[in-house]
Amino acid sequence: MAVGAARGSKVVRHYRDTEDRKKAQDKHWELAGTQMGSLIGVAAKNEDREAADDEGGEDFRGNHQFKDHMSGESEAVSEFAMEKSIKEQREYLPVFAVRQKLLSVIRENQVTIVVGETGSGKTTQLTQYLYEEGFTKSGMIGCTQPRRVAAMSVAKRVADEMGIEVGQECGYAIRFEDCTSENTVIKYMTDGILLRECLGDGDLDQYSAIIMDEAHERSLNTDVLFGLLRDVVGRRSDLKLIVTSATMDAEKFSLFFGGSTPCFTIPGRTFPVEIMHAKTAAEDYVDAAVKQAITIHLGGSDGDMLIFMPGQEDIEVTCALIKDKLSGLDEAPPLAVLPIYSQLPSDLQAKIFQRAPGGMRKVIVATNIAETSLTLDGILFVIDPGYCKLKVYNPRIGMDALQIFPVSQASANQRSGRAGRTGPGICYRLYTERQYKDEMLRATVPEIQRTNLANVVLLLKSLAVDDLLSFHFMDAPPQENMLNSMFQLWTLKALDNIGRLTDVGRKMVEFPLDPTLSKMVITAVDMGCSDEVLTIVSMLSVPAIFFRPKGREDEADARKEKFQVPESDHLTLLNVYLQWRTHKYSAKWCADNYVHAKAMKKVREVRAQLKEIMAEQKMAITSCGTEWDVVRQCICSSYFHNAARLKGIGEYVNVRTGIPCFLHPTSALFGMGFMPDYVCYHELIMTAKEYMQNVTAVDAVWLAEQGPMFYSVKETRGSAIAKRLESVRTLDEMESEMKMAQKEMKKVKAEQ
Ligand code: CDP
Ligand code: MG
């Protein structure tokens, strides 16, 4: 399939510039406040509380509408609830029919693989069955999810089924958000959280059972957990491990745990799905999907629709276009258009599970989160453009990038399956049958084989897994990836020349942050600006800080401009936080300044958590006052690998790789009449161009001081070349030393 460049340019076409994209975004928020508001369901309790906290904020207005609608809609909700009681709903699930059989297999075996169609009840029921059977007497039941959204929404659902508040007996934990209590016995969490828990308690003693859910996803963290849990199971005969999968990788999982591990299959209850391939590949998958959706909607037959899109931007554009097209048609029946992606506020996420009022048809536009992790009932039509976003290490830019790829055949089959849960359905594939057969991979390449592994390396090193190359991976990462990641950690001084964890590295592991960010926090302590850097890191951990409502764009931009520190986006973020703090963390201040109150609240929470870790690590929190140059130096000390040199107006080139990168129009440095010679950036986002995201002006001398392995000040040409050669030599030396050390270790192990 013509992926990559050709497809990429099509994607960009929808938002010729940021203006276009923002318009789409605003439209989406507007939708959120109106149509979606009417889809409120039973579980609005928590949102109400949040809304009250945010009084005066933009979000409040949205939620307020929900509340108004809620009273109006309560009849529809109770009608739905009456249709089937929760008990009946639970007993209707395919897994219920095999409850006893499954439990006896689990009782008799330490590790069990459970395979079942999406929607058979694996995620929501297994934990409850174990709880009902008394497994929680000796410890918690942990259930890992590769996605945050899934962890949260499933925990809420299970809490509902148990008739309790989420956070009590059933809770969840995701990065920076722990919604559990001392009563919690069923804990849903991201796989990253359990991985971190292994650091503090290698045997995971507080758990009596662990369910590794969605194992077929083969997320990076799940894959590492596989290796670790295999050993934990060996050490703890009282621990039950259940691995669930929606597809048929079962045998591979079973072999991994020693071959005699049973695979239990939940007999499915699925309906036939007719698959319609496109005759020719869609020129533009967003347009094609919108057209198909409208055709289905006007076609008359009942049933909800599910459209897969690779990412948030495409989803927003798709939603906006469907709305647009329908509003231009006379007498089109009403349609509830609902987006779902990971950054969508959770109150809006909840809407996709609820019935649209008055029997209105729903169209859900989703990322591949809806492929297997979230079960949506009532879908009879699936539209599959055949693309998804994957994080892949890009050697050209020397870091991971989210890029659009064709899905695998396994994914395509999962997607079409979503149309057959409640009745016979139809899946429209916007690609040809030949493309499916000849150009799609059979299965998606596991994340561990395609991404940067710095975090994993750091974690395993601190778990005393020294010989990473012989760690028991289900599918080993390419050696080159591993060495690249080790090299990155070495430049950050987290590893020494023979690949051992340094003190800095040990400290870095304590923070649930990317290595570059945790290094920045550690350096800030020495530089006397940890108070400021803590704030910056927290601000970077939350997606959108500013908003631009439709019709008030100019005003919002003007407010934003007031915060801008001309030499740095990072300092701009710091400035926003400090002013908010001066205004007593007021939500009204946020609304007045077009700053997301909820996002800021989250920043404050993240900051408090990071601060706690610093206190535990006895790291001093000191402020540099108004000496913000120090902060820029500190940023430079971690981000020297992302340094760029001015080449033309707004155009930079990466100092190491020479690839061009541009200032984003939303950057504080853009159009300020000030173009520093050198900048460091947080990350590159690749749309039409390679844009630098979060940029700070730095001094060439700092770069030479902070990243001596990469850069030198050009006093003389000779010295620069000497430095460069030296850096190449150091890298070579380090690699060969590490390889030798690893060989040694293997030898020692073999002899033991
Ligand atoms: O994990 P699996 O795909 O096997 O199924 P599940 O997620 O346990 O879903 C079982 C049922 O719970 C489905 O009918 C879902 O519609 C329902 N569910 C829900 O209503 N709300 C959620 N947040 C999650 C599941
Ligand atoms: Mg599931």
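The values are calculated or read from the model by the stated rules, or taken from the named source; none is laboratory data. For clarity, every value in this text was computed on a predicted model and none was experimentally measured. Cβ placement follows ideal geometry from the backbone for every residue including glycine, while neighbour counts extend to all protein chains displayed.
Which of the strands (runs of 3 or more DSSP E) contained wholly in segment 208-316 include at least 3 residues that are more than 16 Å from ligand 1 (Cβ to nearest atom)? Working first, answer last.
On the way: elements: 240-245, 263-265, 273-277, 304-308.
Result: 273-277, 304-308.
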First in segment 360-381 and within 22 Å of ALA332 (Cβ to Cβ) and part of a strand (DSSP E or B), second anywhere and within 14 Å of ligand 1 (Cβ to nearest atom) and basic (Lys, Arg), Cβ under 7 Å, 6 or more apart: ILE379/ARG418; ILE379/ARG421
Among the residues of segment 357-375, which ones are surrounded by fewer than 22 Cβ atoms within 10 Å (Cβ to Cβ) and more than 16 Å from ligand 2 (Cβ to nearest atom)? PRO357, GLY358, GLY359, MET360, ARG361, LYS362
Given the options GLY386, GLY417, GLY423, name the one that is in contact (Cβ under 8 Å) with a residue 12 or more places away in the chain and surrounded by fewer than 16 Cβ atoms within 10 Å (Cβ to Cβ). GLY423
Read through the list (1) touching a residue at least 40 places away in the same chain (Cβ under 8 Å); (2) within 16 Å of ligand 2 (Cβ to nearest atom), then give the number of the only condition that LEU195 fails. (2)
How many residues are at pLDDT below 95 and either within 14 Å of ARG175 (Cα to Cα) or of a type in the set (Asp, Glu) (or both) when one looks only at segment 594-604? 1
Against the condition crowded, with 20+ Cβ neighbours inside 10 Å, touching a residue at least 40 places away in the same chain (Cβ under 8 Å) and more than 16 Å from ligand 2 (Cβ to nearest atom), how does VAL286 come out, does it pass? yes
I need the full set of residues from segment 546-565 which are loosely packed, with under 15 Cβ neighbours inside 10 Å and either closer than 20 Å to PHE674 by Cα or modelled with pLDDT of 90 or more (or both), in order please. ARG552, ASP554, GLU555, ASP557, ALA558, GLU561, LYS562
Contact list please: Cβ distance under 6 Å, first residue in segment 691-713 and under 12 Å from PHE670 (Cβ atoms) and aromatic (Phe, Trp, Tyr), second residue surrounded by fewer than 17 Cβ atoms within 10 Å (Cβ to Cβ) and at pLDDT 70 or above, pairs at least six apart or on different chains. TYR691/ILE685
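For segment 404-420, state whether one or more residues are assigned to a strand (DSSP E or B), more than 24 Å from ALA688 (Cβ to Cβ), aliphatic (A, V, I, L, M) and at pLDDT 95 or above.
The first filter runs over segment 404-420 and keeps only residues assigned to a strand (DSSP E or B), leaving 404-406.
Subsequent filtering for residues that are more than 24 Å from ALA688 (Cβ to Cβ) retains none.
Looking through segment 404-420, none of the residues is assigned to a strand (DSSP E or B), more than 24 Å from ALA688 (Cβ to Cβ), aliphatic (A, V, I, L, M) and at pLDDT 95 or above.
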Residues in segment 642-661 that are under 22 Å from VAL392 (Cβ atoms) and surrounded by fewer than 20 Cβ atoms within 10 Å (Cβ to Cβ) total 5
Residue match in segment 319-342 (condition: within 25 Å of TYR431 (Cβ to Cβ), among the polar types (S, T, N, Q) and not in a loop (DSSP other than H, G, I, E, B)): no
Can you name the condition, by its number, that ASP324 falls short on among (1) crowded, with 23+ Cβ neighbours inside 10 Å; (2) without any contact (Cβ under 8 Å) to a residue 12 or more places away in the chain? (1)
Checklist (1) more than 16 Å from ligand 1 (Cβ to nearest atom); (2) touching a helix residue (DSSP H, G or I) at 6+ places or on another chain (Cβ under 8 Å); (3) not aliphatic (A, V, I, L, M) applied to GLY359, failing item: (2)
Checking LEU103 against (1) away from ligand 2 (no atom under 16 Å from the Cβ); (2) more than 28 Å from GLY259 (Cα to Cα); (3) at pLDDT 95 or above, which single condition isn't satisfied? (2)
Given segment 112-183, what strands (runs of 3 or more DSSP E) lie entirely inside it while holding 1 or more residues that are without any contact (Cβ under 8 Å) to a residue 40 or more places away in the chain and surrounded by fewer than 24 Cβ atoms within 10 Å (Cβ to Cβ)? 170-174, 177-179
